[in-house]
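I have placed the structure first, in the form of structure tokens, so that the comments after it can refer back to it.
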Amino acid sequence: MTTIGTTLRPRARAAITLAAAAALVGLLPTSSQANVNRYTVQPNSPKPAACNNSGTIPAGTWMQNKVCGYWVGTAMAGSSFDVHQTAVSNYHYGRSWGGNNICGWIPPGALGSSPTASVAESCSDATKDNISHRRTIGYNFNAAAHAATDGTAITVNPACTAYYNYYTTSAYSDGSLRDVAGNPGSTVMYRFTTNGSNPAIVVRDSAIGWIFLSRSCVTDWRGITFYNDND
């Protein structure tokens, strides 16, 4: 029997060392997430010249499902955006906070020059890949995949309220209308319908830009053909 002060055998010392190391590991954080920089979204951010756009976005900046992809909401001016990755085009992938709290892409030139905080990353590569496919974000598109970059004209009730945001999950499976944008014109350019228990439509208004509307706002679909192919 070993008594206090007695020299332990090498095998016994190794066992105790391993047990101590295991106990220490149990006290360490279980997450291996890296930190990323958080920035503030600027008003009047430029539209992405990399995608042949020009002008600015007064409310903040577009959110898209991939570089030069579908519009999926607006990162509002004054809200925060966590930059996880930056593409060659200077598009940023990460999490938008504020009225949406979702992972997505924003165009270059939308963020303040200096980070406001360092935070744990919260948008995965798996999410980035998933949202890059258009059936993840919605259905009943106005054109086949890669066949159009704009919407198709439909008629809506101009008394309806337009919104800048809808999605509330990075799975893009549900949401609710939020962040009032104003009232649309009677003719808007329809792009697709969102997923969700109470889906909205994504349209481009000539004055406001890209917005969400309730489907009940449509007064005439004008014989539009819907497409549900993936990309």
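The values are calculated or read from the model by the stated rules, or taken from the named source; none is laboratory data. Quantities reported herein were computed from a predicted structural model and do not represent experimental measurements. Positions of Cβ are backbone-derived with ideal geometry, glycine not excepted, and every protein chain shown enters the neighbour counts. These area figures cover heavy atoms from the full protein model, side chains too; ligands, DNA and RNA do not enter into them. Shrake-Rupley method; radii C 1.70, N 1.55, O 1.52, S 1.80 Å.
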Worksheet item: Taking into account only those residues within region 142-153 that are part of a loop (DSSP other than H, G, I, E, B) and of a type in the set (A, V, I, L, M, F, W, C), which is surrounded by the most Cβ atoms within 10 Å (Cβ to Cβ)?
Response: 143
Worksheet item: If residue 107 passes every condition in (1) within 11 Å of the chain's Cα centre (by Cα); (2) of a type outside the set (Phe, Trp, Tyr); (3) within 23 Å of residue 191 (Cα to Cα) but one, which one does it miss?
Response: (1)
Practice prompt. Residue by residue through region 110-139, note down the ones that are under 12 Å from the mean Cα position of the chain (by Cα), of a type in the set (Gly, Ala, Ser) and over 14 Å from residue 63 (Cα atoms).
Written response: 122, 124
Worksheet item: Of all residues in region 185-205, how many are in contact with a strand residue (DSSP E or B) (Cβ under 8 Å, 6 or more places away or on another chain) and part of a loop (DSSP other than H, G, I, E, B)?
Response: 6
Discussion item. When you check residue 156 against the structure, is it in contact (Cβ under 8 Å) with a residue 40 or more places away in the chain, over 26 Å from residue 103 (Cβ atoms), surrounded by fewer than 22 Cβ atoms within 10 Å (Cβ to Cβ) and among the hydrophobic types (A, V, I, L, M, F, W, C), yes or no?
Written reply: no
Worksheet item: Within the group 50, 15, which residue is at pLDDT below 50, farther than 25 Å from residue 166 by Cα, part of a helix (DSSP H, G or I) and of a type in the set (A, V, I, L, M, F, W, C)?
Response: 15
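So that you can scan it fast, the table gives a plain yes or no per residue for (1) open to solvent by 60 Å² or more (accessible area, probe 1.4 Å); (2) in contact (Cβ under 8 Å) with a residue 40 or more places away in the chain; (3) closer than 30 Å to residue 227 by Cβ:
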{"residue": "50", "(1), (2), (3)": "yes, yes, yes"}
{"residue": "79", "(1), (2), (3)": "no, no, no"}
{"residue": "87", "(1), (2), (3)": "no, no, yes"}
{"residue": "93", "(1), (2), (3)": "no, no, yes"}
{"residue": "118", "(1), (2), (3)": "yes, yes, no"}
{"residue": "123", "(1), (2), (3)": "no, yes, yes"}
{"residue": "134", "(1), (2), (3)": "no, yes, yes"}
{"residue": "140", "(1), (2), (3)": "no, yes, yes"}
